[in-house]
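Structure record follows, encoded as structure tokens.
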Amino acid sequence: MIVIESAAAMQQQALAWRAAGEEVGLVPTMGAIHAGHQSLVSRAKRENQRVVVSVFVNPKQFGPHEDLASYPRSFERDRARLEQLGVDVLFHPQVDQIYPPSFRTQVDPGPWAERLEGRSRPGHFAGVLTVVLKLFEVTQPKRAYFGQKDIQQLLLVRQMVRDFMLPVRVVGCPTVREPDGLAMSSRNAYLTAEQRAAAPALHQALTSASEAYRSGVTHPEQLERQVRERLGQVPDLAVDYAQVFSEDTLERPQQVRPGDVLAIAVKLGSTRLIDNVVFGADRL
Ligand code: AMP
């Protein structure tokens with residue numbers, strides 16, 4: 001595995017692979033690599049001749065009161081883990097490689113970015129799509145891998161790819177969980193022991209909503225209420241949203257259909273956690 005820090009050198013490598021007919025799979029991350037990221041990398045390895053993993057904590061997707069400064073960074077450990085997985089290039093740019101002082105242009109993510117995550121995190125998805133578009137240009141991927149844990153991000157990237165006719169296939173990958181059901185996340189490291197012990201409630205609440213749907217409950221509000229009530233029992237936890245939406249509109253449907261999503265965001269102490277369930281899917 002080679003580590004590339006320069007955006008120009010990365011693009012040169014990617015264009016050389018393209019000229020040689022080699023397909024690139026890209027896994028964009030913010031580092032603090034865990035088993036969720038690793039599952040994306042393993043899939044990328046199976047489906048592409050070359051795999052690039054980017055590790056870049058993107059300042060544009062953090063709000064002014066968010067955790068940019070404290071976001072977990074563990075580059076040497078990440079490098080060792082990615083090397084073991086057989087990654088070809090670890091792209092690890094400093095901020096000025098992606099956003100030099102002359103940088104001006106931003107992607108406008110459109111109305112879907114105002115909902116759900118976007119309500120609590122204004123500007124977040126403009127930052128996400130801007131860096132993803134840039135990473136696509138720099139690494140020239142045939143396929144790019146995103147986790148379903150960040151389902152709104154996945155849907156917005158898909159929409160950008162359609163809207164701009166980008167020659168990239170966006171591959172959504174299932175959420176990898178701890179044995180007790182907590183979705184793996186770099187931010188889980190912020191949790192105190194008590195909060196960590198309480199955190200599986202997110203998955204439990206989603207699982208019971210999924211079971212209620214299976215047993216015939218199809219009213220979105222009823223399922224949302226059930227989740228809020230379950231989460232309301234957890235000390236130190238505040239629900240930001242619990243909302244059912246259809247993947248193709250991001251609107252709450254009249255009746256839940258297979259493929260609709262229930263997404264939640266909570267603050268457990270000062271840590272923001274998100275998770276979701278797709279109704280009618282075999283797995284969470
Ligand atoms: P992050 O480093 O948190 O920006 O995540 C990088 C990529 O990994 C995103 O596409 C995430 O959706 C994905 N990801 C994060 N956590 C998980 C997880 N538990 N399971 C699957 N994918 C994940």
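Leaving ligands, DNA and RNA out of it, report the carbon-plus-sulfur percent of the accessible area of segment 63-193 at a 1.4 Å probe. Here it works out to 52 percent.
Per residue, the accessible area of segment 161-245 comes to 50 Å², computed with a 1.4 Å probe over protein heavy atoms only.
Heavy atoms of the protein chains alone define the surface here; on that basis segment 1-57 has 41 Å² accessible area per residue at 1.4 Å probe size. Spatially close Lys pairs in the chain, defined by Cα atoms under 27 Å apart and a spacing of eight or more places or different chains, total 10.
The values are calculated or read from the model by the stated rules, or taken from the named source; none is laboratory data. All values reported here derive from a predicted model rather than from experimental measurement. We work out accessible area using only protein heavy atoms, side chains counted, and drop any ligands, DNA or RNA first. Shrake-Rupley method; radii C 1.70, N 1.55, O 1.52, S 1.80 Å.
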